[in-house]
Amino acid sequence: MKNLFSVEFASELDDKNPLKSFRDKFYYPEHNLSPILYFSGNSLGLQPKTVQSLLLEQSQIWAKNGAKGYFSDWVNFHKQLTADFLPIVGAKDGEIMLMNALTVNLHLLLISFYQPTNQRHKIIIEEDAFPSDQYAIASQLKLHGYDPKTSLIKLKPQPHEKCLKTDDIINTIEAHGESVATVMLGGVNYYTGQKYNMREIARISNEVGAYVGFDLAHAAGNVELNLHGWNVDFAAWCNYKYLNSGPGAPSGIFIHNKHSEWNGPRLAGWWGNSMDSRFSMDSKFDPIKGAEGWSISNSSIFSMAPIKASLDIYNQIGMDNFIIGSRELTGYLEELIHLILPEIEIITPKSPEERGCQLSMIIQNGKEVQKYLEFNNVVCDWREPDVIRIAPNPLYNTYSEIYQLVSLLKNYDNL
Ligand SMILES: *Cc1c(COP(=O)(O)O)cnc(C)c1O
């Protein structure tokens, strides 16, 4: 038997890794000239090396062309990007737009996809949804005059469990049935790393007549998605986590083509108006069909340019290969922890179908362990009340780094 927990074994895995050449396409952060172990791609993805030239290119277009740049390059700048997102989230032409930031987009989408009536006014979310999502949803309920106490349904895990069971989610949606206006969950929960069964959740939500949407902050560019095929109404994600497009990069939205001729509520702006009449400055809003009709303001080109760098890398790899590489890498981390550090509890589901890159771990004295890791140049994060999140990214993390991480944890005295 080979010793899985050895420098040699880890570097053998690195040598055989079909994705190994991709690490070189990123700037890898350092601390005092020593390499760090970066496991926080779920918070902020690393910078692709082509980002700076893409930014320079846009600043040169601006310098040379001034306002003419709009028509030479910028009015349709998003189109080359939205096309590359189709395989990443499983969408069709016309279903994607890039704009604003994630929480802003959740608000804009809820203006359309939360249309409460006295019979149908509830929103279903996860109990431990990302706080920004919870604030957004509670404030949307209040905006419409509903009380979160009666109209907000929070999915809770079974006692002594950390993750939700698909059956429990389905049963809750079914039980609230015709009183549910909107179901909005994370695709992958930021805290537990659990990937929900979006296909089943969308199916049952459609069945009870509710709109269904997903916050894909931790899912886009991390796990397999088929938003169109699953009949999801809407989704939004940020591009700075797995998608490596820089802090505050514009967010992506998905709106199913069945809504492409939307006549319902929407907050409108000129960038959502058809190109034919956008610059004739009419007072009547003539929306573009599909997701672009939800855009409001002209695009932030400098924030958007880095997205291309990351999408080029995803294009070269393909989502399928990314997922194979991810499962192997995260699987190695899980295996070593079980083998070497059985006292650590991994709360992320075991099945690769129910998670992405990230493993969330409960470690005794977790906060101190986190400080110790930080002191030893590991970048990972601590989330109250008790979890350390490690997200090995197959685009730039190595098996050797995972070996080093587990060695550090093994050498910590008070585990
Ligand atoms: C990261 C994250 C956000 C952040 O929202 P911004 O509006 O981009 O600042 C929101 N929701 C979830 C689930 C996240 O993971």
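Show the residue pairs that are 6+ apart or on different chains and have beta-carbon atoms under 9 Å apart, the first residue being within segment 101-117 and in contact (Cβ under 8 Å) with a residue 60 or more places away in the chain, the second being assigned to a helix (DSSP H, G or I) and among the hydroxyl-bearing types (Ser, Thr, Tyr).
Pairs that qualify, where the first residue is in contact (Cβ under 8 Å) with a residue 60 or more places away in the chain and the partner is assigned to a helix (DSSP H, G or I) and among the hydroxyl-bearing types (Ser, Thr, Tyr), are LEU102/SER132; LEU106/SER132; PRO116/SER151.
Hey, any hits in segment 287-309 for a residue that's hydrophobic (A, V, I, L, M, F, W, C), out of contact with any strand residue (DSSP E or B) (no Cβ under 9 Å at 6 or more places or on another chain), surrounded by fewer than 21 Cβ atoms within 10 Å (Cβ to Cβ) and assigned by TED's automatic domain parsing to the domain that holds PHE71?
Yes; the residues of segment 287-309 include at least one that is hydrophobic (A, V, I, L, M, F, W, C), out of contact with any strand residue (DSSP E or B) (no Cβ under 9 Å at 6 or more places or on another chain), surrounded by fewer than 21 Cβ atoms within 10 Å (Cβ to Cβ) and assigned by TED's automatic domain parsing to the domain that holds PHE71.
Failed condition for LYS64, given (1) crowded, with 18+ Cβ neighbours inside 10 Å; (2) free of Cβ contacts under 8 Å to residues at least 12 places away in the same chain, with all others met?
Of the numbered conditions (1) crowded, with 18+ Cβ neighbours inside 10 Å; (2) free of Cβ contacts under 8 Å to residues at least 12 places away in the same chain, the odd one out for LYS64 is (1).
Are there any pairs, at least 6 apart or on different chains, whose C-beta atoms fall under 7 Å, with the first in segment 210-230 and over 26 Å from THR117 (Cα atoms) and assigned to a loop (DSSP other than H, G, I, E, B) and the second among the basic types (Lys, Arg) and within 14 Å of the ligand (Cβ to nearest atom), and if so, which?
ALA217/LYS241; HIS218/LYS241; ALA219/LYS195; VAL223/LYS195
Just to be sure before I move on: is SER277 in a helix (DSSP H, G or I) and surrounded by 22 or more Cβ atoms within 10 Å (Cβ to Cβ) in the structure I sent?
no
Only one of GLN52, GLN47, GLN58 is in contact with a helix residue (DSSP H, G or I) (Cβ under 6 Å, 6 or more places away or on another chain) and either of a type in the set (Phe, Trp, Tyr) or within 29 Å of GLY318 (Cα to Cα) (or both); which?
Exactly one of GLN52, GLN47, GLN58 is in contact with a helix residue (DSSP H, G or I) (Cβ under 6 Å, 6 or more places away or on another chain) and either of a type in the set (Phe, Trp, Tyr) or within 29 Å of GLY318 (Cα to Cα) (or both), namely GLN58.
Just for segment 335-349: of the residues that are surrounded by fewer than 18 Cβ atoms within 10 Å (Cβ to Cβ) and part of a helix (DSSP H, G or I), which one is nearest to the chain's Cα centre (by Cα)?
By that ranking, first place goes to GLU335.
Restricting the search to segment 17-34, which residues are among the acidic types (Asp, Glu) and at pLDDT 90 or above?
Once the filter is applied, which keeps residues that are among the acidic types (Asp, Glu) and at pLDDT 90 or above, segment 17-34 yields only ASP24.
Tell me the residue from PHE234, PHE214 that is away from the ligand (no atom under 13 Å from the Cβ) and in contact with a Leu (Cβ under 7 Å, 6 or more places away or on another chain), please.
PHE234
Just need a number here: residues in segment 259-289 that are more than 16 Å from PHE71 (Cα to Cα) and in contact (Cβ under 8 Å) with a residue 24 or more places away in the chain.
Final tally of qualifying residues: 13.
What number goes with the only condition from (1) within 22 Å of the chain's Cα centre (by Cα); (2) more than 15 Å from the ligand (Cβ to nearest atom) that SER283 does not pass?
(1)
Just checking, how many residues over segment 301-334 are among the hydroxyl-bearing types (Ser, Thr, Tyr) and either under 17 Å from the mean Cα position of the chain (by Cα) or more than 17 Å from GLY45 (Cα to Cα) (or both)?
Number satisfying all stated conditions: 4.
Identify the single condition in (1) under 25 Å from LYS258 (Cα atoms); (2) assigned to a helix (DSSP H, G or I) that ALA91 does not satisfy, given that it satisfies every other one.
(2)
Scan (1) within 16 Å of the ligand (Cβ to nearest atom); (2) surrounded by fewer than 24 Cβ atoms within 10 Å (Cβ to Cβ); (3) not in a loop (DSSP other than H, G, I, E, B) for the single condition ASN206 breaks and write down its number.
All conditions are met except number (1).
Within segment 127-178, can you find the residues that are of a type in the set (D, E, K, R), in contact (Cβ under 8 Å) with a residue 60 or more places away in the chain and within 16 Å of the ligand (Cβ to nearest atom)?
The answer is ASP128, ASP133.
Go through the residues of segment 99-115 one by one and say whether even a single one is more than 16 Å from the ligand (Cβ to nearest atom), surrounded by 16 or more Cβ atoms within 10 Å (Cβ to Cβ) and closer than 25 Å to ASN222 by Cβ.
Yes.
Against the definition (crowded, with 18+ Cβ neighbours inside 10 Å and closer than 30 Å to LEU4 by Cα), how does GLY325 come out, yes or no?
Here the answer is yes, as GLY325 does meet what is asked.
The values are calculated or read from the model by the stated rules, or taken from the named source; none is laboratory data. On a predicted model such as this, the values are computed, not experimentally measured, just so you know. Neighbour counts are summed over all protein chains in view; Cβ atoms, including those assigned to glycine, are modelled from backbone coordinates with ideal geometry.
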